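Asks: Take a look at this one; I'll ask things after.
The values are calculated or read from the model by the stated rules, or taken from the named source; none is laboratory data. Only a predicted model underlies this, so the values are computations on that prediction, with no experimental measurement involved. Note that each Cβ is placed from the backbone with ideal geometry, even for glycine, and that neighbours are counted across all protein chains shown. To get the accessible areas, we keep the full protein, side chains included, count just its heavy atoms, and leave off ligands, DNA and RNA. Shrake-Rupley method; radii C 1.70, N 1.55, O 1.52, S 1.80 Å.
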Amino acid sequence: MNLKILYRGHVTDCNLACPYCPFAKTRNDAAERELDKSDLERFVDWVERHGAIGWTFEILFTPYGEALIHPWYQSAMVRLSRMGHVRKVAAQTNLSWYTAWTAGLDPAKAAFWATFHPGQAKESVFLQRCRELSDRGIPHSVGVVGLKEHFPAIDSLRRTLPDSTYMWVNAFKRQEGYYADSEIAHLESIDPYFRHNLPYYQTLGRDCRTGSEVLAIEGNGDLLRCHFDKTVRGNIFQQELAEMLRAERCAQATCHCHIGYVHAPHLGMAEIYGDRILERIPSKMPPKNT
């Protein structure tokens, strides 16, 4: 059986200070980092053992902060990408790290979901990191939070990125009616799927692949249906995985985050992203708009 896993460890470290992020410039202490490191290694060992009993996995690291500044996440990605029963290992990241370690990845399995943060990172450095990933044949999507003050940076990034790189824009939803129709149209010219990210989808009682095909696993091994339903179904280090898998209808009133709603069958996102749904790359690359 193939299972998609969204892994979120204990680390909340972030080296940027984005004003819209609660984890801006946070720093874990030595004990927290050691706990995160040991639990991540335990998770990778767990994945390795399950290959012997017929499981296959696709794994996305979804940290609160920036995980890939830590060598234990880099090592975990390399190790996982080299396991025969791991089909994919991807990570959400701000690319604020040197890319030399990615030479150890299997480029046929690795991928990145890279976010550019205007005012917090240099565009030239971010783009150079993207080029380095491309030179190694490692797929990646690139995106920006769609704040109005970010529009010039969004335009610049889209002009500079190669046509083959999908660029997404995350809608800013904390203020109702934030975008004028003309602004939505403009962002849609950058990201043809921007409009999909605008709503709070009504999901209560609707079918969802989370819980049976897609799961969230915490650093301590607790298994959740998804990041937004905190009901603990069990613990992967204490129980058999198959015992915790079951299809259930969504218990949340709404879903507004891409890593959640893409797994709702009625929204048809699987048809858009295909086998690249974790790294947020459409299976058919939309054309670059000018």
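Asks: Among the residues of region 105-126 satisfying the criterion of being open to solvent by 10 Å² or more (accessible area, probe 1.4 Å) and in contact with a Ser or Thr (Cβ under 8 Å, 6 or more places away or on another chain), which is modelled with the lowest pLDDT?
Replies: Once the filter is applied, the top-ranked residue is A121.
Asks: Further, regarding this structure: Checking the condition open to solvent by 10 Å² or more (accessible area, probe 1.4 Å), closer than 19 Å to F43 by Cβ and of a type in the set (V, I, T), which residue from V232, V214 passes?
Replies: Answer to the selection: V232.
Asks: Then there's this: Can you confirm whether region 50-62 contains a residue that is part of a strand (DSSP E or B), on the phi < 0 side of the Ramachandran plot, polar (S, T, N, Q) and touching a Leu at 6+ places or on another chain (Cβ under 9 Å)?
Replies: So the first thing to find is which residues in region 50-62 are part of a strand (DSSP E or B), and the list is 56-61.
With the extra rule that they be on the phi < 0 side of the Ramachandran plot, the set shrinks to 56-61.
With polar (S, T, N, Q) added as a condition, the list becomes 56.
Retained after the next criterion (residues that are touching a Leu at 6+ places or on another chain (Cβ under 9 Å)): 56.
Yes, some residue in region 50-62 is part of a strand (DSSP E or B), on the phi < 0 side of the Ramachandran plot, polar (S, T, N, Q) and touching a Leu at 6+ places or on another chain (Cβ under 9 Å).
Asks: How about region 189-214: which of its residues are part of a strand (DSSP E or B), in contact with a helix residue (DSSP H, G or I) (Cβ under 8 Å, 6 or more places away or on another chain) and not aromatic (F, W, Y)?
Replies: T210
Asks: List pairs: first residue in region 34-61 and farther than 22 Å from C226 by Cα, second residue small (G, A, S) and open to solvent by 30 Å² or more (accessible area, probe 1.4 Å) anywhere in the structure, Cβ distance under 7 angstrom, at least six positions apart or on different chains.
Replies: Filtered contacts from region 34-61: G51/G84.
Asks: Let me ask another. Residues of region 1-37 being open to solvent by less than 50 Å² (accessible area, probe 1.4 Å) and at pLDDT 90 or above, which ones?
Replies: Matches in region 1-37: N2, L3, K4, I5, L6, Y7, R8, G9, D36.
Asks: Identify the residue in region 89-126 that is out of contact with any strand residue (DSSP E or B) (no Cβ under 9 Å at 6 or more places or on another chain) and assigned to a helix (DSSP H, G or I) and, among all such residues, is nearest to V144 (Cα to Cα).
Replies: Only one residue tops the list, namely E123.
Asks: It is to be established whether one or more residues within region 167-183 are in contact with a Gly (Cβ under 8 Å, 6 or more places away or on another chain), touching a residue at least 40 places away in the same chain (Cβ under 8 Å) and part of a loop (DSSP other than H, G, I, E, B).
Replies: Yes: region 167-183 contains one or more residues that are in contact with a Gly (Cβ under 8 Å, 6 or more places away or on another chain), touching a residue at least 40 places away in the same chain (Cβ under 8 Å) and part of a loop (DSSP other than H, G, I, E, B).
Asks: Can you find a residue in region 265-273 that is part of a loop (DSSP other than H, G, I, E, B) and surrounded by 19 or more Cβ atoms within 10 Å (Cβ to Cβ)?
Replies: Looking through region 265-273, none of the residues is part of a loop (DSSP other than H, G, I, E, B) and surrounded by 19 or more Cβ atoms within 10 Å (Cβ to Cβ).
Asks: On to the next question. What is the residue count in region 48-61 for residues that are surrounded by 19 or more Cβ atoms within 10 Å (Cβ to Cβ) and farther than 14 Å from A242 by Cα?
Replies: Summing the residues that are surrounded by 19 or more Cβ atoms within 10 Å (Cβ to Cβ) and farther than 14 Å from A242 by Cα in region 48-61 gives 4.
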